[in-house]
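Peer 1: Shown below is the structure under consideration.
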Amino acid sequence: MLHTRTTPAQRRRALRERLASGRLLTMPGALNPLSARLIQDLGFEAAYLSGAVLAADLGLPDIGLTTATEIAARAQQTTRVTDLPVLVDADTGFGEPMNAARTVQLMEDAGLAGLHLEDQVNPKRCGHLDGKAVVPREEMTRRLRAAVDARRDPDFLVMARTDARAVEGLPAAIDRAKAYVDAGADALFPEALADEAEFAAFRKALPGVPLLANLTEFGKGPLLDTRTLQDLGYDIALYPVTLLRLAMGAVEDGLRTLAAEGTQESLLPRMQTRSRLYELLGYQEYAAFDSAVFDFTLPPGT
């Protein structure tokens, strides 16, 4: 009720331990705090906050328009309602190395378990669009060192994302990833790998380092299933925008139906019921605290 039952430190340790288990961690991206609670309720072990989703939620494209404080505020709203460790997309760190350092501390204060920083130039763009540009390797390593040095909890995960595959090719992306590990990155996020062979090559070149596979829809990479990713030796299967796309598709269909039919009656079987929503929100737990909160009976079938 009102907050999680675990501390940020406990959730950070849980993520570290889970990544050390050798089992693939399936990580859906939450589109809002309530969906993060649903991710937990359905048995997933971690959640993600996508920069693209947070920007889209504000009606903005994913081109670096959101700020560190906006991301931290949404992150804190999310970590308040879930006991899952949450990983956040921190773009380029929102500026120079000093900005990256401040970003780490903002995200720590927001209760997150970790973040990833990327090597794109600022302003950035979606990792699966053409026309990306990356900063020199030395600039990204300075960004990472500043981030690692700034964290106060050593369990807070600092992941490095490289977008170099689409810009400089796979060998250069692998070389960058090795340099990022040397700079202190705890895990790696190779963006926009083209096929299963490239996933395998990345894993072979970086043994022992936790690797994230981005399984975003309509992108440049294949939608590998979890068994394949486990066999390839990946540690995280990320679904960053899946829930947003599902939700917005349903919203658009619902609006079209409402406009065409003049009633939402035909949509009722597709809706989450009132009782299920109240279950997720924990009305009964609030009632145990204050009986005046939940002193009504739901009509049948709602």
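The values are calculated or read from the model by the stated rules, or taken from the named source; none is laboratory data. Bear in mind that the values here come from a model prediction, so they are computed numbers and not experimental data. A quick note on method: Cβ atoms are made from the backbone with ideal geometry, for glycine too, and the neighbour counts reach across all protein chains shown. All accessible areas refer to the heavy atoms of the entire protein, side chains included, with ligands and DNA or RNA removed. Shrake-Rupley method; radii C 1.70, N 1.55, O 1.52, S 1.80 Å.
Peer 1: Select, from Thr26, Thr69, Thr78, the only residue that is open to solvent by 10 Å² or more (accessible area, probe 1.4 Å), hydroxyl-bearing (Ser, Thr, Tyr) and touching a Leu at 6+ places or on another chain (Cβ under 8 Å).
Peer 2: Exactly one of Thr26, Thr69, Thr78 is open to solvent by 10 Å² or more (accessible area, probe 1.4 Å), hydroxyl-bearing (Ser, Thr, Tyr) and touching a Leu at 6+ places or on another chain (Cβ under 8 Å), namely Thr69.
Peer 1: Turning to a different aspect of this structure: Go over the candidates Ser291, Ser275 one by one and state the one that is at pLDDT below 95, open to solvent by 80 Å² or more (accessible area, probe 1.4 Å) and of a type in the set (S, T, N, Q).
Peer 2: Sole residue among the options that is at pLDDT below 95, open to solvent by 80 Å² or more (accessible area, probe 1.4 Å) and of a type in the set (S, T, N, Q): Ser291.
Peer 1: Another question, if that's okay. In this structure, is Ala100 open to solvent by less than 10 Å² (accessible area, probe 1.4 Å) and among the aliphatic types (A, V, I, L, M)?
Peer 2: Numbers: open to solvent by less than 10 Å² (accessible area, probe 1.4 Å): yes; among the aliphatic types (A, V, I, L, M): yes.
Yes; evaluated as a whole, the condition is true for this residue.
Peer 1: On the given criteria, is Thr257 over 26 Å from Lys124 (Cα atoms), among the hydroxyl-bearing types (Ser, Thr, Tyr) and assigned to a helix (DSSP H, G or I)?
Peer 2: Numbers: over 26 Å from Lys124 (Cα atoms): yes; among the hydroxyl-bearing types (Ser, Thr, Tyr): yes; assigned to a helix (DSSP H, G or I): yes.
Yes.
Peer 1: Hand me the list of helices (runs of 4 or more DSSP H) wholly inside segment 156-239 holding 1 or more residues that are under 30 Å from Gln105 (Cβ atoms), open to solvent by less than 30 Å² (accessible area, probe 1.4 Å) and not aromatic (Phe, Trp, Tyr).
Peer 2: It comes to 170-182.
Peer 1: Let me ask another. Part of a loop (DSSP other than H, G, I, E, B), touching a residue at least 24 places away in the same chain (Cβ under 8 Å), of a type outside the set (Asp, Glu) and open to solvent by 40 Å² or more (accessible area, probe 1.4 Å): which single residue out of Thr297, Thr302 fits that description?
Peer 2: Thr302
Peer 1: For segment 243-272, name all the residues that are closer than 30 Å to Leu115 by Cβ and out of contact with any Leu (no Cβ under 8 Å at 6 or more places or on another chain).
Peer 2: Those that are closer than 30 Å to Leu115 by Cβ and out of contact with any Leu (no Cβ under 8 Å at 6 or more places or on another chain): Arg245, Leu246, Met248, Gly249, Ala250, Val251.
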